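As structure tokens, the structure follows; a few thoughts come after it.
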Amino acid sequence: MDHGSMPGMNHARMDMKGMKGALGGYSMMRDASGTAWQPDSSPMWAIMGKTGDWSTMIHGFVTLIQDHQGGPRGDSKTFSTSMLMGMAQRPVGRGTLTLRAMGSLDPLMGKSGYPLLLATGETADGRTELVDRQHPHDAFMELAATYSHPLGQDLSAFLYLGLPGEPALGPATYMHRFSGMANPEAPISHHWLDSTHVTFGVATAGLVYKGLKLEGSIFTGREPDERRWDIERPRMDSWSVRATVNPTTNLSLQVSHGFLNSPEGLHPEEDVRRTSASVTWNLPLGEDRNWQSTLAWGRNDPSGGEHGHRTDAFLLDSAVQFGRWTLFGRAENVDKDELFGDVHEGDPLAGKVFNVSKLSLGGYHSVPLGKAALDLGGLVSKYDLPRDIQSRYGSDPTSFMLFTRLRITG
């Protein structure tokens, strides 16, 4: 894409090289992760191409991070995160076929991931829950095909198949929306909102009419295991439904609900119903200037296991770009019931629900390098913790990250 002299978003001069929306007759700028939508005016950094009947796109990043998480349960680590995604699209009959592949070298950071206070979800070795650490993404994050077919004026149907892929549940994944991708750390609300973005076995069908999308998925409920380099067996034992509307070019709203069969390997008897709602607002401010914010809510309602607590998570993230500078922030409030292990492990705090909050603020400066950019930045995080857990975490822990990121801009 031609974004001008800086890595931003000059929509008037974008050369889309024949690409269109993967799910229907709209601009591809609306497409985000899986079959999720974002506002049509959202920026997109990618290198576009054309080979015969195929239109192609590639984008990605690699980030080197120095991480320090404060307090008694904190830790420090230097590690790297990465993502590379390629897409190819061509007409097939009256419809459109879109192929997408996405991978990561995150498994190189080790099975225990990286330190992140208040993060929970998945395991390091199949036996130990990851607490105050964020798990690495799998090497294969998406291998998917989508076919959309027009049914009439402004109406189309689509089918999405992925192994792995992303079901119709939750907002666009944080690392694929402008308001969230600026921040190199994962949200602590990840497993209430968009943790299903790497799911081994997904089939989604839906209808698109202008700015309205209705879709449903069957998928594998189990989270990826600790073997991050393989492709796991699909089970297709869970389901979800989602409605999304883009009423204007600057706004996208979704509401979704799903049933996850036995999502956690350490608690195979437990199922979860997950409900989510979100709104993403994007405002282009001119050449290489953009502001986007996402407000999201997620609820996990477990059944059949020892986690009988209904828990909620709220997230607000925002990023604003002014030329070479980007400032970002994220505020979260989450009910956590896995911070101190299971009840049978004997900790008096085990199994109890604690409402925790986190605020992160940061920024980076971009240096253009042809069709890429080098970002130099950092962030700092503060927490609001219940008195009952301050003896474990400290009364006022502070965390920070320094990072250098190389990303494709096009």
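The values are calculated or read from the model by the stated rules, or taken from the named source; none is laboratory data. Just so we're clear, the structure is a prediction, and the values are computed from it rather than from any experiment. Cβ atoms come from the backbone with ideal geometry, glycine included; neighbour counts cover every protein chain shown. Please note that ligands, DNA and RNA were not included when accessible areas were found on the heavy atoms of the full protein model with its side chains. Shrake-Rupley method; radii C 1.70, N 1.55, O 1.52, S 1.80 Å.
Total residues in segment 266-278 satisfying the condition of being out of contact with any Gly (no Cβ under 6 Å at 6 or more places or on another chain), in contact (Cβ under 8 Å) with a residue 12 or more places away in the chain and farther than 23 Å from N355 by Cβ: the figure is 1. Number of residues in segment 298-317 that are open to solvent by 10 Å² or more (accessible area, probe 1.4 Å), touching a helix residue (DSSP H, G or I) at 6+ places or on another chain (Cβ under 8 Å) and within 30 Å of W281 (Cα to Cα) equals 3.
Across segment 79-119, the qualifying residues are those that are among the hydrophobic types (A, V, I, L, M, F, W, C) and open to solvent by 40 Å² or more (accessible area, probe 1.4 Å), and the one among them that is farthest from G49 (Cα to Cα) is L108.
Taking residues in segment 332-347 that are within 18 Å of L315 (Cα to Cα), and partners anywhere that are modelled with pLDDT of 90 or more and among the small types (G, A, S), the pairs with Cβ atoms closer than 6 Å and at least 6 places apart or on different chains are E332/S189; N333/S357; V334/S189; V334/A313. If I ask for residues that are crowded, with 18+ Cβ neighbours inside 10 Å and hydroxyl-bearing (S, T, Y), which ones from segment 238-251 would you list? Once the filter is applied, which keeps residues that are crowded, with 18+ Cβ neighbours inside 10 Å and hydroxyl-bearing (S, T, Y), segment 238-251 yields S238, S240, T244. Collect the residues in segment 40-78 that are of a type in the set (V, I, T) and either more than 22 Å from the chain's Cα centre (by Cα) or more than 15 Å from Q89 (Cα to Cα) (or both), keeping them in residue-number order. Those that are of a type in the set (V, I, T) and either more than 22 Å from the chain's Cα centre (by Cα) or more than 15 Å from Q89 (Cα to Cα) (or both): T51, T56, V62, T63, I65, T78.
Just one of the listed residues (R235, R222) is buried (at least 17 other Cβ atoms within 10 Å of the Cβ), without any contact (Cβ under 8 Å) to a residue 60 or more places away in the chain, charged (D, E, K, R) and assigned to a loop (DSSP other than H, G, I, E, B), namely R222. When D67 is tested against the conditions (1) surrounded by fewer than 21 Cβ atoms within 10 Å (Cβ to Cβ); (2) more than 29 Å from A157 (Cβ to Cβ); (3) at pLDDT 95 or above, the lone failure is (1).
Scan segment 147-165 for residues that are open to solvent by less than 60 Å² (accessible area, probe 1.4 Å), in a strand (DSSP E or B) and closer than 17 Å to V198 by Cβ and jot them down. Correct list: Y160, G162, G165.
The residues of segment 86-112 that are assigned to a strand (DSSP E or B), under 17 Å from Y26 (Cβ atoms), over 23 Å from the mean Cα position of the chain (by Cα) and not polar (S, T, N, Q), listed by number, are P91, G95, L97.
I'm trying to understand the selection: among the residues of segment 283-319, which are more than 20 Å from A172 (Cβ to Cβ) and without any contact (Cβ under 8 Å) to a residue 40 or more places away in the chain? Passing the criteria: L285, G286, D301, P302, S303, G304, G305, G308, R310.
Of the residues screened, E338 is one that is under 22 Å from the mean Cα position of the chain (by Cα), at pLDDT below 95 and surrounded by 15 or more Cβ atoms within 10 Å (Cβ to Cβ).
In segment 373-391, the residues that are in contact (Cβ under 8 Å) with a residue 24 or more places away in the chain and among the β-branched types (V, I, T) never reach a residue that is surrounded by fewer than 21 Cβ atoms within 10 Å (Cβ to Cβ) and in a loop (DSSP other than H, G, I, E, B) with C-beta atoms less than 6 angstrom apart, at least six apart or across chains. The set of residues in segment 339-361 being assigned to a loop (DSSP other than H, G, I, E, B) and more than 30 Å from F178 (Cα to Cα) consists of F340, G341, D342, G346, D347, P348, L349, A350, G351, K352, V353.
Checked against the criterion of being in a strand (DSSP E or B), under 26 Å from P136 (Cα atoms), open to solvent by 10 Å² or more (accessible area, probe 1.4 Å) and at pLDDT 95 or above, the candidates V272, V255, V279, V320 yield just one match: V272.
One residue is enough: does segment 307-314 have a residue meeting the conditions out of contact with any Pro (no Cβ under 7 Å at 6 or more places or on another chain), farther than 24 Å from K358 by Cβ and in a strand (DSSP E or B)?
Here is the first cut: in segment 307-314, the residues out of contact with any Pro (no Cβ under 7 Å at 6 or more places or on another chain) are 307, 309-314.
After this cut, where a residue has to be farther than 24 Å from K358 by Cβ as well, the list is none.
No - not one qualifying residue is present in segment 307-314.
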